[in-house]
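The values are calculated or read from the model by the stated rules, or taken from the named source; none is laboratory data. Just so it is clear, the model here is predicted, and its values are computed rather than measured. Virtual Cβ from ideal backbone geometry, glycine too; neighbours counted across all protein chains shown. The area values use the complete protein model at the heavy-atom level, side chains included, leaving out ligands, DNA and RNA. Shrake-Rupley method; radii C 1.70, N 1.55, O 1.52, S 1.80 Å.
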Amino acid sequence: MTVFAHGLGGSIADARPLGSGVRGTRVFFSFRGHGASEPLPPGWTYRDLADDLETVADEHRATRALGTSLGAGALTRLVADRPGRFERLVFFLPAALDRPRPADARDRFAALAAALDDGDLDRLAAVVTLEVPEASVGTPAARAYVRQRVEALRRPGLVEALRRLPTLTVLPSPDALRAVEAPALVLGCQGDPLHPESVAEHLADALPNAELHIYGAPGVLWNQRSDLRRRISEFLR
């Protein structure tokens, strides 16, 4: 059984494509502050997110886990605290480890938060559109993605999360991961300011039994979806 953890402002629907080729039972859930769940607690940290993931994984007896972006951070925090919890691990686009997010990411989150504060949905959509590869901008799929993401980001409490997240670290030191013996697949990409390639590299270096793959450009779910699904399904098989 595999549990899937989405990113900030994401949803169960966002995580489903990553599990389309995975055999066995797949469990998708919403972190607090997302979907129909209760808000994130004041002063939340990655430990709170790890608690959400741990609760779902334990309830369903999941033996494998995949985390995307924020979800990858939650998974990292969980296995640092419980090194033997899972048999296999996948980290897709990890965004932070032992340092706060870089300036480019902080600027992007600040722009999203400012648009939300001003109630400027056109500006919010324009910032979200930066997540779409240039070749896909304006396509029906891109327009649908932007609409869904804008609605997700308008959920109560998300503007505060956008301001808080860039200041947080997942762990005080990557050394906390040295006891994690489970095979891990770390998937990063070049040129994505929200998910620096260096974070994926450092995470893979810290995990004793990790395989690293770096895609050559951002927009992996847009441009490399088939390859991404294949890598995940084969690894988890």
Sorted by average packing, counted as other Cβ atoms within 10 angstrom per residue and highest first, what order do 148-156, 72-80, 119-127 take?
72-80, 148-156, 119-127
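With charges set only on the Cβ (+1 for Lys and Arg, -1 for Asp and Glu), what does the dipole of the range 1-93 come to about its Cα centre, in debye to the nearest 20?
Values: 11 positive and 10 negative charges, 77 e Å.
Here the range 1-93 has a charge dipole of around 380 debye.
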Computed ³J(HN,Hα) along the range 29-39: with the Karplus parameters 6.51/-1.76/1.60, θ = phi - 60°, integer Hz and x for glycine or proline, the list is 8, 9, 4, 4, x, 10, x, 9, 7, 6, x
Computed on alpha carbon atoms, what radius of gyration and Dmax characterise the range 1-87, expressed in Å?
11.9, 38
Given (1) 47, 38, 31; (2) 62, 54, 38; (3) 61, 50, 28 as candidate values of Cα extents along the principal axes in Å, which corresponds to the one derived from the coordinates?
(1)
Once neighbouring chains are kept in place and the probe is 1.4 Å, which whole percent of the accessible area of the range 137-237 is contributed by carbon and sulfur?
48
Compute the acute angle (0 to 90°) between the alpha-carbon long axis of helix 46-60 and the principal axis of greatest extent of the alpha-carbon atoms of the chain; round to the nearest 10°.
60
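Of all accessible surface on the range 69-135 at a 1.4 Å probe, what whole percent is carbon and sulfur? Let's see the in-between values first.
Working: 1260 of 2790 Å².
Here it works out to 45 percent.
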Using only Cα atoms and rounding to the nearest 10 degrees, what angle (0 to 90) does helix 103-118 make with the longest principal axis of the chain?
50
Estimate the FRET efficiency between Asp120 and Ala36 by the formula 1/(1 + (r/R0)^6), using the beta-carbon distance for r and 25 Å for R0, to the nearest 0.05.
0.45
Added length on full extension, which subtracts the Cα-Cα distance from 0.36 nm per residue, Val137 to Ala103:
9.8 nm
Met1-Arg16 pseudo-label distance in nm [points 7 Å out on the Cα-to-Cβ vector]:
2.1
Residue-wise, which Karplus ³J(HN,Hα) couplings in Hz belong to the range 176-184, taking 6.51 cos²θ - 1.76 cosθ + 1.60, θ = phi - 60°, and x for glycine or proline?
5, 9, 5, 8, 7, 9, 4, x, 10
Under a Cβ-only charge scheme (Lys and Arg +1, Asp and Glu -1), can you give me the dipole magnitude of the range 172-237 about the Cα centre, in debye to the nearest 20?
360
Just name one of Gly7, Thr63, Ala114: the one whose Cα is farthest towards the positive end of the charge dipole of the chain (beta-carbon charges, Lys/Arg +1, Asp/Glu -1).
Thr63
For the chain, what does the accessible surface come to per residue with a 1.4 Å probe? Please give it in Å².
45
Can you tally the net charge around Pro172? Count Lys and Arg as +1, Asp and Glu as -1, for every other residue whose Cβ sits under 14 Å from the Cβ of Pro172.
+1
To test your reading of the geometry: what angle, between 0 and 90 degrees and rounded to tens, separates the Cα axis of helix 225-236 from the longest principal axis of the chain?
30
Quick one: compute the contact order of the range 53-178, relative version, from alpha carbon pairs under 8 angstrom and 6+ residues apart, as a percent.
31
Residues meeting the amide H criterion for Ala5 (H placed from the backbone, H to H distance under 5 Å, 5 or more places apart or on another chain) are Leu66, Gly67, Thr68
Given Ser226, Leu158, Leu236, which one lies farthest toward the positive end of the charge dipole of the range 125-237, if we put +1 on the Cβ of every Lys and Arg and -1 on the Cβ of every Asp and Glu?
Leu158
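Once the mean 1/r over all distinct Cα pairs of the range 61-195 is inverted, what Kirkwood radius in angstroms do you read off? Don't skip to the end; give the middle numbers.
Values: mean 1/r = 0.0612 Å⁻¹.
Computed over Cα pairs of the range 61-195, the Kirkwood hydrodynamic radius comes out at 16.3 Å.
Taking the Cα centre of the range 15-54 as origin, sum charge times position over the Cβ atoms of Lys and Arg (+1) and Asp and Glu (-1), and report the length of that vector in debye to the nearest 20. Present the calculation step by step, with values, prior to reporting the outcome.
Values: 5 positive and 5 negative charges, 63 e Å.
It works out to roughly 300 debye.
Relative contact order, percent, of the chain when contacts are C-alpha pairs under 8 Å separated by at least 6 residues? Working shown, then result.
Working: 433 pairs, mean separation 56.9, N = 237.
Dividing the mean separation by the residue count of the chain yields 24 percent.
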Mind giving me the FRET efficiency for Gln190 and Arg61? R0 is 35 Å, r the Cβ-Cβ distance, nearest 0.05 is fine.
0.40
Spelling it out for Leu185: with amide H atoms placed in the peptide plane at 1.01 Å from N, the residues 5 or more places away or on another chain with amide H under 5 Å from its amide H are Leu89, Val90, Phe91, Glu211
